[in-house]
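Heads up, the thing below is written out as C-alpha cells.
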Amino acid sequence: MIRELTKLEDLEKQLDLWIEVTRAAEAELNEPQPRPALERNGVDKEAVQQMSNLLAKAKDELNEAKQEVAENEAKDGEPDKSVYIASHPNLSMVQSIMHSGYMVGGQVETTAAQGASGSASAGAEMSLSQDALTPPQKLFGGIFDEPGPGYAVGWLAGVTYSVFQKTQPFRKPGPMVKLGNKARIVVAGDWGTGHARAQAIGKMMQQCLEEAAPDQDRHVVHLGDIYFSGLPSECSSRFLSYWPSQPAPDVKHWSTNGNHDMYCGGKGYFQVVLGDQRFSAQRFSSNFSFGNDHWQFIGLDTAYDEWRLSSVKTGNQAVWAAGLIKDAPNAKRVLLSHHQPWSDYEGNKPAKAGAVAVDAAPLMADGKTAAWLWGHEHRCAIYNPLQPAGWVHALPFGSCIGHSGVPCKPTKEQGPNARHVLLDSTAGVIPGNVGETYGLMGFAVIDIDGDQAEIRYYHELDPQMTSPHFTASL
C-alpha cells in the first residue's frame, strides 16, 4: 500500500493533481497538432475523457468520505490516522489506478515504519517519491512533452474501467460438496490487501491447515474483498499470490463475494479467483455449500446486489440455502457472507445490515442456523444471540471476522450486544508511524467432529497459535 493513496488528506491532493494533469491533456488532445508522446503511450481522447469522468465522480465520493470520517472522528473523540480504503466504487477504482500507475512508473519508495514482525510496516508499506508529489512545472509546453508514465498508465486504465463496469453474470450454485465427519475449516475476511501483515496471517492459516489431523477434511474460506477494486491484476498479485496452500486435492478453497470485488464488475473475482485451480470446487459460482449429516456450510452473496440476499439479479438465495436442509434434516447450518446481518458499530440501517436481516428470514424460521460468520467491518467481534425483527428464531452465534488483512484503527469499545471483541485495551495494538496505532489482524479456525464443533480465534501477536483469544462451541 502507498501511504499517499491511503491517507485521506494525501489522497485528496493526489486526486486534485491527477484532475489538473488530465484536464491539461484533454485540452492538448483537442488541439489540431499531433501529440506523438501521448500517442506513443497509446493515449487518445477516449482514454483521457474516460479518466476525466472517473476522476470527477471520485472527487464527489471523496467529499462524501471526508464527511463520514469527520463524523466518526467526532464520535471517537480523536483523529483517525489509520489506513483509508474507500468504500465508494469510483474512489476505490482511482486508488487502484493510481497505485498501478505509480508502481509501473517507479515512483514509490519503501517506508521505514516497523510492524509486528519487526520488518514490515504496520500501515502503508510504501510512499511516493518526490517527483510524484510535485506538480509538473509545465504541462505539454511542446508537442513532445509527456506528463510521466504514471499518468499514461492511469489514463489507459480509465478506458478499461468502462469495460470492467460490465458486470459478470450471476451463476447458479453447484451441488453440495461432501464434508467429512471430521474437518478443519479456516476462515479469514477482508484479507486481500497483499500487505506484509496479511501475508503473515496467511502463513498462520497455512500452518493451521498443515497441523490438521490426518483424518480431518481441510477447507479454507475467504469472506470477501480484494483491494482496492477487485481488478484481475489485484486478485492475482494481492490475493492468489499469498493465499494459503498450493493446489492440493485434499484442501478445498472457498470465497464469498465482497463489495470491493464488485467495484470492477466482478471480473477479477469470478474469472481470476474462482478460475484458480484451488477454487475449482466452487464451480465459478458465488453461492456454494459443503456439508454432511451434521453440518452445512453455506456461502451467500451479499455483494452482487449489495446488501441483498433476494433480488431480481440473484434470485432468492435464502430460500435456496434453507432448502438444502432437506438432504440432511438433522444438520445445523453455518452461514458465510461478506456483509453482516447485524452490527453494534455501523448500525442496522434498513438499506444495509437491516436489508440482509430481512432477506435472511427464511434461514431463521426452522431453528437450524447455528452460526453466521461475516466480514466487511475490519474488526473481530463475536455477538450474543441476535434476533432482528422478523426472525422466528434467534441466531445463536454471529461473528465478524473482517480483521484479516486491512491495517485499521483499533476497536476501543465492546458493543452492547457483543460477547467478545478484539479490543486494543485487552489484546494490544501494532504501532505504526508517529501518532498511528493499528488493531490486530487475525482469523478463526473451526474443528468439527461428528455433531460437535469448536471455533477458535487467533491474532498476529501469537504467531505460533499457542493461546486463542476466544473459543466457543457452535
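The values are calculated or read from the model by the stated rules, or taken from the named source; none is laboratory data. The model shown is predicted, which means the values in this text are computed figures rather than measured ones. With ideal geometry, Cβ positions are generated from the backbone for all residues, glycine too; neighbour counts draw on all protein chains shown.
TRP342 is checked against (1) assigned to a helix (DSSP H, G or I); (2) crowded, with 21+ Cβ neighbours inside 10 Å and fails just one. What number does that condition carry?
(1)
Picking from ALA318, ALA371, ALA322, which residue would you name as being within 25 Å of CYS408 (Cβ to Cβ) and either part of a strand (DSSP E or B) or among the aliphatic types (A, V, I, L, M) (or both)?
Among ALA318, ALA371, ALA322, only ALA371 is within 25 Å of CYS408 (Cβ to Cβ) and either part of a strand (DSSP E or B) or among the aliphatic types (A, V, I, L, M) (or both).
Would you confirm, using the coordinates I've provided, whether LYS267 is in contact with a strand residue (DSSP E or B) (Cβ under 8 Å, 6 or more places away or on another chain) and surrounded by fewer than 24 Cβ atoms within 10 Å (Cβ to Cβ)?
no
Would you mind telling me which numbered condition in (1) assigned to a strand (DSSP E or B); (2) surrounded by 24 or more Cβ atoms within 10 Å (Cβ to Cβ); (3) not hydrophobic (A, V, I, L, M, F, W, C) ARG419 fails?
It is condition (2) that ARG419 fails.
Please go through the range 67-82 and pick out each residue that is assigned to a loop (DSSP other than H, G, I, E, B) and closer than 15 Å to THR411 by Cβ.
Scanning the range 67-82 gives GLY77, GLU78, ASP80, SER82.
VAL319 - would you say it is β-branched (Val, Ile, Thr), without any contact (Cβ under 8 Å) to a residue 60 or more places away in the chain and assigned by TED's automatic domain parsing to the domain that holds VAL221?
Yes: the conditions hold for VAL319.
For LEU335, only one of the following conditions fails: (1) under 30 Å from ASN181 (Cβ atoms); (2) in contact (Cβ under 8 Å) with a residue 60 or more places away in the chain; (3) buried (at least 18 other Cβ atoms within 10 Å of the Cβ). What is its number?
Every condition holds for LEU335 apart from (2).
In the set ASP276, ASP301, which member is under 20 Å from GLN199 (Cα atoms), among the acidic types (Asp, Glu) and touching a Phe, Trp or Tyr at 6+ places or on another chain (Cβ under 9 Å)?
Matching residue, one of ASP276, ASP301: ASP276.
Take GLY150 and decide whether it is outside the structural domain of HIS378 (by TED's automatic domain parsing), modelled with pLDDT under 80, touching a helix residue (DSSP H, G or I) at 6+ places or on another chain (Cβ under 7 Å) and of a type outside the set (A, V, I, L, M, F, W, C).
yes
How many residues does the range 291-307 contain that are surrounded by 24 or more Cβ atoms within 10 Å (Cβ to Cβ) and over 19 Å from SER92 (Cα atoms)?
Going through the range 291-307 one residue at a time, the tally reaches 7.
Does VAL251 meet the test of being surrounded by 24 or more Cβ atoms within 10 Å (Cβ to Cβ) and closer than 22 Å to VAL334 by Cα?
Judged against the criteria, VAL251 is not a match.
Touching a Pro at 6+ places or on another chain (Cβ under 8 Å), closer than 19 Å to GLY189 by Cα and surrounded by 18 or more Cβ atoms within 10 Å (Cβ to Cβ): is that true of TYR383 in this structure?
So TYR383 fails the test.
Go through the range 422-474 and give me each residue that's among the hydrophobic types (A, V, I, L, M, F, W, C), assigned to a loop (DSSP other than H, G, I, E, B) and touching a residue at least 12 places away in the same chain (Cβ under 8 Å).
Answer for the range 422-474, where residues must be among the hydrophobic types (A, V, I, L, M, F, W, C), assigned to a loop (DSSP other than H, G, I, E, B) and touching a residue at least 12 places away in the same chain (Cβ under 8 Å): LEU422, VAL429, LEU440, MET441, LEU461, MET465, LEU474.
For the range 335-384, give me each residue that is among the basic types (Lys, Arg), farther than 22 Å from SER255 by Cβ and at pLDDT 95 or above.
LYS368
If you go through the range 106-118 one residue at a time, do you hit one that is within 19 Å of LEU15 (Cα to Cα), at pLDDT 85 or above and either under 20 Å from the mean Cα position of the chain (by Cα) or of a type in the set (D, E, K, R) (or both)?
no
Kindly indicate whether ASP327 is over 25 Å from TYR269 (Cβ atoms) and either crowded, with 23+ Cβ neighbours inside 10 Å or in contact with a strand residue (DSSP E or B) (Cβ under 9 Å, 6 or more places away or on another chain) (or both).
yes
Provide a single number: the residues in the range 226-242 that are without any contact (Cβ under 8 Å) to a residue 60 or more places away in the chain, crowded, with 24+ Cβ neighbours inside 10 Å and aromatic (Phe, Trp, Tyr).
Count: 1.
State which residue pairs qualify: first residue free of Cβ contacts under 8 Å to residues at least 40 places away in the same chain and under 30 Å from TYR227 (Cβ atoms) and inside the range 361-378, second residue part of a strand (DSSP E or B) and hydrophobic (A, V, I, L, M, F, W, C) in any location, beta carbons under 6 Å apart, and separation of 6 or more residues or different chains.
TRP372/LEU335; TRP372/LEU395; GLU377/CYS400
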